[in-house]
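Colleague: The structure follows.
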Amino acid sequence: MRWWDIGPVLELEHELFPEDAWSAGMFWSELAHARGPHATRHYVVAEDVAGRLVGYAGLAAAGDLADVQTVAAARDQWGTGLGARLLTDLLRAATAFECAEVLLEVRVDNTRAQKLYERFGFEPIGFRRGYYQPGNVDALVMRLTDPAQARTESSESNG
């Protein structure tokens, strides 16, 4: 993801997450840490054959721990494997950052995303009550150990 992607990303962000969409400032802040030798973030976008932005994902790394910040795919891309490809890219980045574990939060009412994460080996480890505001929706916290191994297993089972 680059600065010129922020406009299209925000459009998709507001379409998919109308109650708790990230602001432009949040994306700018993340991208500020995504380049150079001391980068701690990895962000990627996906476009369709016409060049329309149809998905994006981001990861933050600190020490040997990574955190999936966001994974989003346009509704017309659901069921195409785009979410899995974006997550695979994030797990490659976690491996490159030498992270031993990857954490994420997912809305408790987003079973589609939960199933994707489970396919990659993420396991539930707890809840964050009222995490998503202003809707006061709880988050399920999930953890993946050894992201390099999980990426391999998922690509083999989906190939």
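The values are calculated or read from the model by the stated rules, or taken from the named source; none is laboratory data. Note that this is a predicted model, so its numbers are computed, not measured. Here the Cβ is made from the backbone with ideal geometry for all residues, glycine too, and neighbour counts use every protein chain on show. These accessible areas exclude ligands, DNA and RNA; they are computed on the full protein's heavy atoms, side chains included. Shrake-Rupley method; radii C 1.70, N 1.55, O 1.52, S 1.80 Å.
Colleague: If I model a spin label as a point 7 Å beyond the Cα along the Cα-Cβ vector, how far apart are those points for E19 and D64 in nm?
Modeller: For the pair E19/D64, the computed spacing is 3.8 nm.
Colleague: Something else: List the GluC sites (Glu not before Pro) within the range 40-118 that fall in a DSSP loop (any state other than H, G, I, E or B) and whose Cβ has at most 14 other Cβ atoms within 10 Å. Write down the numbers at each step before the final one.
Modeller: Working: sites: E47, E98, E101, E105, E118; in loops: E98.
The qualifying sites are E98.
Colleague: Here's another thing I want to ask about it. What is the percent carbon and sulfur in the accessible area of the chain, measuring with a 1.4 Å probe over the protein chains and ignoring ligands?
Modeller: Using a 1.4 Å probe with all protein chains present, the chain comes out at 50 percent carbon and sulfur.
Colleague: Sticking with this one: Taking the solvent-accessible surface of protein heavy atoms with a 1.4 Å probe, what is the per residue accessible area of the range 91-144 in Å²?
Modeller: So the range 91-144 comes to 56 Å² accessible per residue, rounded to a whole number.
Colleague: Size of the dipole of the range 1-54 about the Cα centre, Lys and Arg at +1 and Asp and Glu at -1 on the beta carbon, nothing else charged, in debye to 20? Don't skip to the end; give the middle numbers.
Modeller: Values: 4 positive and 9 negative charges, 80 e Å.
Value, rounded to 20: 380 debye.
Colleague: If you take the beta carbon distance between T80 and A32 as r and set R0 to 25 Å, what does 1/(1 + (r/R0)^6) give as a FRET efficiency, to the nearest 0.05?
Modeller: On the way: r = 31 Å, r/R0 = 1.25.
E between T80 and A32, to the nearest 0.05, is 0.20.
Colleague: Rounded, prolate or oblate: pick one for the range 1-92, where a ≥ b ≥ c are the square roots of the eigenvalues of its C-alpha gyration tensor, a/c under 1.5 means rounded, and failing that, prolate if a/b is larger than b/c, else oblate. Don't jump to the answer; show the numbers that get you there.
Modeller: Values: a/c = 1.67, a/b = 1.35, b/c = 1.24.
Here the range 1-92 falls in the prolate category.
Colleague: Could you work out [θ]222 nm for the chain from helices alone, using -39500 (n - 2.57) per DSSP H run of at least four and dividing by all its residues? Round to the nearest 500 deg cm²/dmol.
Modeller: After summing the helix terms and dividing by the residues of the chain, the value is -10500 deg cm²/dmol.
Colleague: Shifting gears a bit: Using a Förster distance of 35 angstrom, determine the FRET efficiency expected from the C-beta separation of L10 and E123, and round it to 0.05.
Modeller: Taking R0 as 35 Å, the efficiency between L10 and E123 is 0.65.
Colleague: Separation between the A100 and A148 pseudo-spin-labels, each 7 Å from Cα along Cα→Cβ, expressed in nm?
Modeller: With each label point 7 Å from Cα toward Cβ, the separation is 1.4 nm.
Colleague: Taking each pair of different alpha-carbon atoms in the chain once, compute 1/r for the pair, average those values, and report the inverse of that mean as the Kirkwood hydrodynamic radius in Å to one decimal. Write down the numbers at each step before the final one.
Modeller: Details: mean 1/r = 0.0627 Å⁻¹.
Every distinct Cα pair counted, the radius reaches 15.9 Å.
Colleague: Let me ask you something else. For the range 1-41, report the accessible area per residue in Å² (1.4 Å probe, heavy atoms, rounded to an integer).
Modeller: 62
Colleague: Hey, how many Å between the Cα centroid of the range 80-114 and the Cα centroid of the range 13-45?
Modeller: If you average the Cα positions of each part, the centres end up 15 Å apart.
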